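Working notes, structure below.
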Amino acid sequence: MSKEEFQSLIQEVTGVIAGKPVDGALADELNSKFPAGGDTLNAIRSACETGVAEGWMCENEHGGIKFGRVIKDVDGFSVDVVHMDNIVGPHHRHPNGEIDLIMPISPDAKFDGHGAGWMVYGPDTAHKPTVSDGEAYVLYLLPGGAIEFTR
């Protein structure tokens, strides 16, 4: 799996959601069209596992969180992937929203209280990203690549 192949895989998702409002309805649509355990999400998860093992994904580490921006722009979204294990990440704001794909590594792992699948934070929301009950990969689609880390 190369970065180019990963981008083609992600475009299966971004091509469907580009230009749509970043809201709860988008989360419902993503969970319906690309469900946890489905072919597309299984392929994305496998690509993340391979990318991390090969060192081109989650190549940075700070405060116990492995992370990296894998794609700067695909259909208007940046793509970041993090690997977290029972940890609270740095507080940040989503000027344009944040679309999260939660891929538990530990069976019961949750991201901000949510298990496997998609969740969406609308524009102008903020949080401290938290993985509990184990470890997980989380893929972030950020409209316009916008994120603001706060203190």
In region 40-70, how many residues are of a type outside the set (Phe, Trp, Tyr), more than 23 Å from Thr130 (Cα to Cα) and in contact (Cβ under 8 Å) with a residue 40 or more places away in the chain?
2
Go through region 111-151 and give me each residue that's closer than 14 Å to Val82 by Cβ and of a type in the set (Lys, Arg).
Lys128
Can you report the number of residues in region 49-108 which are basic (Lys, Arg), within 14 Å of the chain's Cα centre (by Cα) and surrounded by fewer than 17 Cβ atoms within 10 Å (Cβ to Cβ)?
2
Residue among Glu135, Glu148 that alone is touching a His at 6+ places or on another chain (Cβ under 8 Å), surrounded by fewer than 16 Cβ atoms within 10 Å (Cβ to Cβ), modelled with pLDDT under 95 and of a type outside the set (Ser, Thr, Tyr)
Glu148
Do we find that Ala47 is of a type in the set (Gly, Ala, Ser) and either at pLDDT below 95 or out of contact with any Gly (no Cβ under 6 Å at 6 or more places or on another chain) (or both) in this structure?
yes
Could you list all residues from region 17-42 that are loosely packed, with under 15 Cβ neighbours inside 10 Å and of a type in the set (A, V, I, L, M)?
Ala18, Ala25
Suppose we keep only residues that are in a strand (DSSP E or B) and without any contact (Cβ under 8 Å) to a residue 40 or more places away in the chain within region 103-120. Which one would you say is farthest from Gly15 (Cα to Cα)?
Lys110
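The values are calculated or read from the model by the stated rules, or taken from the named source; none is laboratory data. All values derive from a computational prediction rather than experimental measurement. Cβ coordinates were reconstructed from backbone atoms using ideal geometry, including for glycine residues, and neighbour counts include every protein chain displayed.
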